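K.L.:
Pasting a structure here, questions to come.
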Amino acid sequence: MQKIFEKLNESQSQAVKQSEGPVLILAGAGSGKTTTIVSRLAYLIQVLGIPASNTLTLTFTNKAAKEMRERALSMIGDASYPPLLCTFHKFGLLFLKFHIHLLNRQNNFVVIDTDDKKRIIKKINSEIPTPLIASEISRYKNSLLTPDDAYKQAEFFNYQQIAKIYEEYETYLRENNLVDFDDLIALTYRLLDENPELAEATSKKYNYIMIDEYQDTNELQLKLLQKLCTSHNNICVVGDDDQSIYGWRGAHIRNIMEFHEDFAGTSIFKLENNYRSKEPILKVANALIEHNRSRLGKKLIPTRGGGEDVTILNSYDENEEARKIAANIKKLLDSGVKPNDIAILYRVNVLSRSIEEGLNRSRIAYKLVGGLRFYDRAEIKDLISYIRIITNFHDDFSFKRVANKPKRGLGKASIEKIELAAHSASSSIYEYIKTASLAELEALVKKKNAKTLKDFIKNLEEVSRVATESTYEFIDVLEETFKLKNIYAGMVDEAERVLNMDEFYGLFRDFVKKSPESGLDEFLNELTLQSEQDQVEGESIYMMSIHASKGLEFDHIFIIGLEEGFLPLVGDGSDLEEERRLGYVSFTRAKETLTLSHALSRFYKGRRSDLEKSRFFNESGLCEGSLKLEKNTAFKKGDLVRHKIFGTGRVTGVAKSGREFKLNINFAGTSRDILASFVERL
């Protein structure tokens, strides 16, 4: 017990000891949040004697889950059954593996990623913008709307079309035994909601629940947690309302602001001692965030003493800015600072271009976090598609991707003919080719292509047999059988692509060594659950968006683009309070020094524009100037708004509708009631 509390301050200790009932731990940036979570877990298990298997700790990234798991196990020691500590989506994956049969679906499903999702949608409909359809389908699932519900709610033709696409998309997923990211949470909730006994049993199994980064939860995740608390109210959430920066992707700041209303009898603890940043950094961060009105209220208290004042870089344009930042980084590196202790952050991704050029000119190695991920490269996607087919022969999506890789003389038209014939026969492409006679195939494609298809099926089945006998040898047999490296023979970047494939083969072998009992579907699902922050490793300075930096820390931080329109982003439906939280998050990533950069002009969207220094300099107390007045972010009567379908209109009335607001809007003489989340203020 002494070991658990020896490194905790008074606030942390009190939070750890409050084991029963709902607990809200408001943890400021750098306040020892992870230490508090793992200490509380150790306290439950080691001191109170709660079985580790009765605890559940959820977070949002693999990186955070891994760190917490390692630290928790070091405190708990060897446990016969270690506590379940993972991401929300990993929990959903594990839960569905055990219970998806209750939805009449098979448990050897494969999780598709965002790119796969868009390809499926585009195949169904290429007229409506794919990102819009993907976003709407995600919104439907997170609102627990079936395709039928979506169609009934759609007043306009475009949304009726999207609802129809949603129905076809869902049919495709079921027929090919696939689930998407949203399904991992939505189907888990559906199972618990439709099966009260399962909800009761699951709640009794996990009767002590902890949630990290609670400010990032959405409405569906809140509903899931309420189901997990069916038989108890022992839920402890840790988060920071001042770091709620994901409203654009569905996170509800109200979840943390109103936690005490969702879970009656909440005990609240504030962690305000900051163990990360030097005093001058915290001074500007505190000053900035105090301008927000929607917050529970706390102040970061420095524990590391004074340091260098925050530096402001004033530049004429982005090229001068790049030269200055490169020169400052060069000085740090020459003084012995490690490259991976330095990061450059930005609000808008396009701003990275000039900085990249400046670093290249200065021969400073950098890594762009959030760029093209390793697993998104074409050669890796092809390998993954082959593995998916081996896992599920009836995966038409993957089959079509690699049917002519390496080239087998099968053009797009031939593949479409086979697909159409398979569809008419109510079978998968694989099943159709396997059962059809050569004569039937030759009626669709050239004679030699018909034999090629039959041979392809035999080869797939042979490799599949090897996979069941020896997962480790499978990857070598896959390459030997299909000669996948030949796909890129003669290409300009052949060597790089082959190196990437060898890296993938090595990753696969490493996975099998670490998890010898796991099959191919587990490997595929682990790949799909990778996140942006899993890229942060190695010896180079990092460049990333502020969103990607959340949860990370670096000795030296450079933030570029502190101009009105870039940070804060204004217009385009932006929320100034969330922009301010982004500024606060970016400032508090810095441990030793913080450099804020702005330029008088930038080349953006095809032309050079003069820019105004960000209001955040003034609000942070870094320079004098007139404060910018801001309107309340809530819609009010008279506001001019824009809707995707109806165009511009004026708000004539506002009414509460559940957790949202319903707006009565006049569109050129036609009055309509629309939820506030579907329009943007002009």
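The values are calculated or read from the model by the stated rules, or taken from the named source; none is laboratory data. Everything numeric here is computed off the predicted structure, so don't read it as measured data. Positions of Cβ are backbone-derived with ideal geometry, glycine not excepted, and every protein chain shown enters the neighbour counts. The area values use the complete protein model at the heavy-atom level, side chains included, leaving out ligands, DNA and RNA. Shrake-Rupley method; radii C 1.70, N 1.55, O 1.52, S 1.80 Å.
K.L.:
Using only the heavy atoms of the protein chains and a 1.4 Å probe, how would K446, K330 rank by accessible area, largest first?
P.N.:
K446, K330
K.L.:
With unit charges on the beta carbon (Lys/Arg positive, Asp/Glu negative), name the residue among G565, A378, I45 whose Cα is farthest towards the positive pole of the charge dipole of the chain.
P.N.:
The Cα lying farthest towards the positive end belongs to G565.
K.L.:
What dipole magnitude, in Debye to the nearest 20, does the chain give about its Cα centre under +1 on Lys/Arg Cβ and -1 on Asp/Glu Cβ? Don't skip to the answer; put the middle values down first.
P.N.:
Working: 96 positive and 99 negative charges, 173 e Å.
Computed charge dipole of the chain: roughly 820 debye.
K.L.:
Between R174 and E197, what FRET efficiency comes out of the Förster formula 1/(1 + (r/R0)^6) with R0 = 22 Å and r the beta carbon distance, rounded to 0.05? List each step's numbers first, then the result.
P.N.:
Values: r = 25 Å, r/R0 = 1.12.
With a Förster radius of 22 Å, E is 0.35.
K.L.:
Semi-axes of the equivalent ellipsoid of the range 180-254: what are they in whole Å, largest first, if each equals the square root of 5 times a C-alpha gyration tensor eigenvalue? All intermediate terms of the calculation are to be shown ahead of the outcome.
P.N.:
Details: eigenvalues 106, 50, 12 Å².
In descending order the semi-axes read 23, 16, 8 Å.
K.L.:
Here are several values of semi-axes √(5λ) of the Cα gyration tensor in Å: (1) 49, 31, 24; (2) 42, 31, 30; (3) 63, 28, 19. Which one was derived from the coordinates shown?
P.N.:
Answer label, from the structure shown: (2).
K.L.:
While we're looking at this one, here's another question. With a ≥ b ≥ c the root eigenvalues of the C-alpha gyration tensor of the range 44-118, is it rounded (a/c under 1.5), prolate (a/b larger than b/c) or oblate? Numbers along the way, then the final one.
P.N.:
Details: a/c = 3.42, a/b = 1.73, b/c = 1.98.
Oblate shape, in that a/c is at least 1.5 and b/c is the bigger or equal ratio.
K.L.:
Okay, next question. For helix 157-175, what angle does its Cα long axis make with the longest principal axis of the chain, in degrees from 0 to 90 and rounded to 10?
P.N.:
Its long axis makes an angle of about 60 degrees.
K.L.:
Continuing with this model, one more query. Of F259, Y246, N233, which is farthest along the charge dipole of the range 202-273 in the positive direction, counting Lys and Arg as +1 and Asp and Glu as -1 at C-beta?
P.N.:
Result: N233.
K.L.:
What angle, in degrees between 0 and 90 and rounded to the nearest 10, separates the Cα long axis of helix 447-469 from the longest principal axis of the Cα atoms of the chain?
P.N.:
So the helix axis and the longest Cα principal axis differ by about 60 degrees.
K.L.:
Would you work out the charge dipole size for the range 103-183 about its Cα centre, treating the Cβ of every Lys and Arg as +1 and the Cβ of every Asp and Glu as -1, and quote it to the nearest 20 debye?
P.N.:
Computed charge dipole of the range 103-183: roughly 100 debye.
K.L.:
Take the Cα gyration tensor of the range 168-301, multiply each eigenvalue by 5, square-root it, and list the three semi-axes largest first, rounded to whole angstrom. Please list the in-between numbers first.
P.N.:
Details: eigenvalues 235, 80, 28 Å².
Ellipsoid semi-axes (Å, largest first): 34, 20, 12.
K.L.:
How large is the helix-only mean residue ellipticity at 222 nm for the chain, computed as the sum of -39500 (n - 2.57) over DSSP H runs with n ≥ 4, divided by its residue count, in deg cm²/dmol to the nearest 500?
P.N.:
Here the helix-only value at 222 nm equals -13500 deg cm²/dmol.
K.L.:
Using +1 on the beta carbon of Lys and Arg, -1 on that of Asp and Glu, and nothing else charged, what's the dipole of the range 224-344 about the Cα centre, debye to 20?
P.N.:
Numbers: 17 positive and 17 negative charges, 53 e Å.
In debye, rounded to 20, the range 224-344 gives about 260.
K.L.:
Note the angle between two axes, namely the Cα long axis of helix 352-361 and the longest principal axis of the Cα atoms of the chain, as a number of degrees from 0 to 90, rounded to the nearest 10.
P.N.:
Roughly 90 degrees between the two axes.
K.L.:
Ordered by packing density, taken as the mean number of other Cβ atoms within 10 Å over each peptide's residues, highest first, how do 669-681, 344-356 rank?
P.N.:
Numbers: 669-681: 14.0, 344-356: 20.3.
Averaged packing, sorted descending, gives the order 344-356, 669-681.
K.L.:
Which whole number of Å³ per residue matches the convex hull of the alpha-carbon atoms in the range 233-314?
P.N.:
Details: hull volume 10.9 nm³, N = 82.
Hull volume over Cα atoms, normalised by residue count, gives 133 Å³.
K.L.:
Where does the charge balance sit around G561 when Lys and Arg score +1, Asp and Glu -1, over other residues with C-beta under 13 Å from its C-beta?
P.N.:
-3
K.L.:
If you count, for each residue, the other Cβ atoms within 10 Å and average over each peptide, how do 232-244, 38-50 line up from highest to lowest?
P.N.:
Working: 232-244: 23.6, 38-50: 20.2.
Going from most to least packed, we get 232-244, 38-50.
K.L.:
So what does the Cα-only Debye profile of the range 1-149 read at q = 0.17 Å⁻¹, as log10 I(q)/I(0), no solvent term?
P.N.:
Debye output, listed in q order: -1.03.
K.L.:
What lysines could a cross-link reach from K454, if we take a straight Cα to Cα line under 17 Å and drop same-chain neighbours fewer than 8 places away?
P.N.:
Within the straight-line limit of under 17 Å, K454 reaches these lysines: K400, K405, K407, K417, K434, K446.
K.L.:
Could you check what % of the DSSP bridge pairs in the range 548-613 are antiparallel, to the nearest 5? Can you show the working numbers first?
P.N.:
On the way: 5 of 10 bridges.
DSSP beta bridges in the range 548-613 are roughly 50 percent antiparallel.
K.L.:
Please list 332-338, 170-176 highest first by mean number of surrounding beta-carbon atoms within 10 Å per residue. Could you put the intermediate results ahead of the total?
P.N.:
Values: 332-338: 12.3, 170-176: 16.0.
Descending mean neighbour count gives 170-176, 332-338.
K.L.:
Name the aspartates and glutamates eligible as straight-distance cross-link partners of K66: C-alpha to C-alpha under 16 Å, and not fewer than 8 places from it in the same chain.
P.N.:
Once the sequence-local aspartates and glutamates are set aside, what remains near K66 is D212, E213, E526, E532, D534, E537.
K.L.:
If the cut-off is a Cα-Cα distance under 15 Å, which aspartates and glutamates reach K591, setting aside same-chain residues fewer than 8 apart in sequence?
P.N.:
E279, E308, D309, D341, E553, D555
K.L.:
While we're here: Take every DSSP beta bridge with both residues inside the chain and express the antiparallel ones as a percent of the total, to the nearest 5.
P.N.:
Values: 25 of 70 bridges.
Approximately 35 percent, going by the DSSP bridge assignments.
K.L.:
Within a Cβ distance under 14 Å of F156, other residues only, what is the Lys/Arg minus Asp/Glu net charge? Spell out each step's value before the answer.
P.N.:
Values: positive: K152, K164, K644, R672; negative: E136, E155, D673.
After counting each charged neighbour, the total is +1.
K.L.:
Quick one: compute a quarter of the convex hull surface over the Cα atoms of the range 304-416 and quote it in nm². Don't skip to the answer; put the middle values down first.
P.N.:
Working: hull surface 52.5 nm².
Mean projected area for the range 304-416: 13.1 nm², to one decimal.
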